[in-house]
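The values are calculated or read from the model by the stated rules, or taken from the named source; none is laboratory data. It should be emphasised that the depicted structure is a prediction, and the values quoted were computed from it without experimental measurement. Glycine also receives a Cβ, built like all others from the backbone with ideal geometry; neighbour counts cover every protein chain displayed. We work out accessible area using only protein heavy atoms, side chains counted, and drop any ligands, DNA or RNA first. Shrake-Rupley method; radii C 1.70, N 1.55, O 1.52, S 1.80 Å.
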Amino acid sequence: MNNLTTVRDWLETSKNTVILTGAGMSTESGIPDFRSSSGWWKNIDPHTVAHVSALENNYDLFHEFYSMRLTTLDTCEPHDGHYIIADWEKRGIVHTVTTQNVDGFHSKAGNQNVAELHGSIQKFRCAHCDAPATREAFIEKEKCVHCEGNLRPNIVLFGESLPEDSWMIALNAIREAQLVIVIGTSLEVYPVNQLPTMTKGRTVFINKDITSNANYFDLVIEGKAKEILTNINQLLTR
Ligand code: NAD
Ligand code: APR
């Protein structure tokens, strides 16, 4: 039996399956990841633009980086892999999606039960008083209408803690899961990289590059998210 048929069998027998994704889930939609050879952090030091201190120390660079990420996102759509995971939720095969991605593509593809652990780049607020703001106001680099503070996207930056509600949803789901499938992440970032170690269920890792971070998984499949998900789905629909 090959790895894909094993995952098909585990998906069919599991009564509670959780998917955990990272930036590698969206590269085939045209969105760069962070630590691959073509990733954002290859040319930019993340702590200059993606650390909470950037809001105070160099807002111009922070604004330029996230405006550029927003325009990249405008030309991208969820791919077949996102739609397969949404279909699996509809069919009762997958129960919760937890993601480090801020692109909103799992919800856009149709998943209802999604925990966005690093927030969403599609929502905005004042960095000083948290008042909600519009995308247009952020792109135009306007100030907060209430306190004149700078505006920011609702994503979790380096040095910030994760949204409590999303974290608890993900933690409870993972703890109760009979099967956790992790897709497209380097497992470099705390605390999300701890989640797969917190389940009593089986664990599967699907990733383009396999590193020692994956040593503890029950099953490791080296490959690209869209292709692997498509192949597993074909076995499921048989
Ligand atoms: P950091 O690397 O300084 O880690 C923050 C805290 O987590 C520190 O107390 C550190 O000791 C602890 N920590 C870090 N890695 C750990 C690990 N593998 N095991 C146990 N403890 C670990 O800070 P950071 O990387 O800038 O991220 C801090 C927060 O920002 C985290 O909650 C992270 O999810 C969030 N965040 C980070 C990124 C990112 O790109 N790193 C992106 C979005 C959100
Ligand atoms: N299919 C499968 N895996 C892929 C694909 C693909 N098409 N494309 C890339 N990958 C893999 C890469 O090999 C890499 O191991 O996905 C992983 C992406 O890892 P990172 O770039 O580190 O992204 P991620 O793990 O999501 O980063 C976590 O870091 O900077 C922060 O906020 C950011 O949420 C992000 C966090």
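The table that follows gives values for the structure above.
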{"item": "Criterion violated by Ile181 - all others in (1) in contact (Cβ under 8 Å) with a residue 40 or more places away in the chain; (2) open to solvent by less than 40 Å² (accessible area, probe 1.4 Å); (3) outside any strand (DSSP E or B) satisfied", "result": "(3)"}
{"item": "Set Tyr83, Tyr66: member being of a type outside the set (Val, Ile, Thr), part of a helix (DSSP H, G or I), under 30 Å from Gln194 (Cα atoms) and not assigned by TED's automatic domain parsing to the domain that holds Thr13", "result": "Tyr66"}
{"item": "Among the residues listed as Gln122, Gln194, the single one being within 28 Å of Thr71 (Cα to Cα), outside any loop (DSSP other than H, G, I, E, B) and within 16 Å of ligand 2 (Cβ to nearest atom)", "result": "Gln122"}
{"item": "The stretch 1-55 - residue that is closer than 20 Å to Asn101 by Cβ and basic (Lys, Arg) and, of those, least open to solvent (accessible area, probe 1.4 Å)", "result": "Arg35"}
{"item": "Condition broken by Glu116, with the remaining ones in (1) of a type in the set (Asp, Glu); (2) closer than 21 Å to Leu229 by Cα; (3) away from ligand 2 (no atom under 16 Å from the Cβ) satisfied", "result": "(3)"}
{"item": "The stretch 79-100, subset in contact with a His (Cβ under 9 Å, 6 or more places away or on another chain) and open to solvent by 10 Å² or more (accessible area, probe 1.4 Å), residue nearest to Val7 (Cα to Cα)", "result": "Glu89"}
{"item": "The stretch 34-63, residues that are outside any helix (DSSP H, G or I) and within 29 Å of Lys208 (Cα to Cα)", "result": "Phe34, Arg35, Ser36, Ser37, Ser38, Gly39, Asn43, Ile44, Asp45, Ala50, His51"}
{"item": "Qualifying residue in the stretch 112-119 (condition: farther than 24 Å from Asn193 by Cα, open to solvent by 40 Å² or more (accessible area, probe 1.4 Å) and either modelled with pLDDT of 95 or more or of a type in the set (Gly, Ala, Ser) (or both))", "result": "no"}
{"item": "Selection status of Asn150, in contact with a Gly (Cβ under 7 Å, 6 or more places away or on another chain), of a type in the set (S, T, N, Q) and either more than 15 Å from Ser53 (Cα to Cα) or open to solvent by 10 Å² or more (accessible area, probe 1.4 Å) (or both)", "result": "no"}
{"item": "Candidate set: the stretch 190-238, residues that are without any contact (Cβ under 8 Å) to a residue 12 or more places away in the chain and more than 16 Å from ligand 1 (Cβ to nearest atom); chosen: the one farthest from Ile85 (Cα to Cα)", "result": "Arg238"}
{"item": "For Glu136: the one exception among (1) closer than 30 Å to Leu61 by Cα; (2) in a helix (DSSP H, G or I); (3) open to solvent by 30 Å² or more (accessible area, probe 1.4 Å); (4) touching a residue at least 60 places away in the same chain (Cβ under 8 Å)", "result": "(4)"}
{"item": "Single unsatisfied condition, Asn233 versus (1) of a type outside the set (A, V, I, L, M); (2) touching an Asp or Glu at 6+ places or on another chain (Cβ under 8 Å); (3) over 17 Å from Ile93 (Cβ atoms)", "result": "(3)"}
{"item": "Long-range neighbours under 6 Å by Cβ, at least six apart or interchain, first residue closer than 18 Å to Gly149 by Cβ and away from ligand 1 (no atom under 15 Å from the Cβ) within the stretch 36-65, second open to solvent by 50 Å² or more (accessible area, probe 1.4 Å) and at pLDDT 90 or above", "result": "His63/Lys141"}
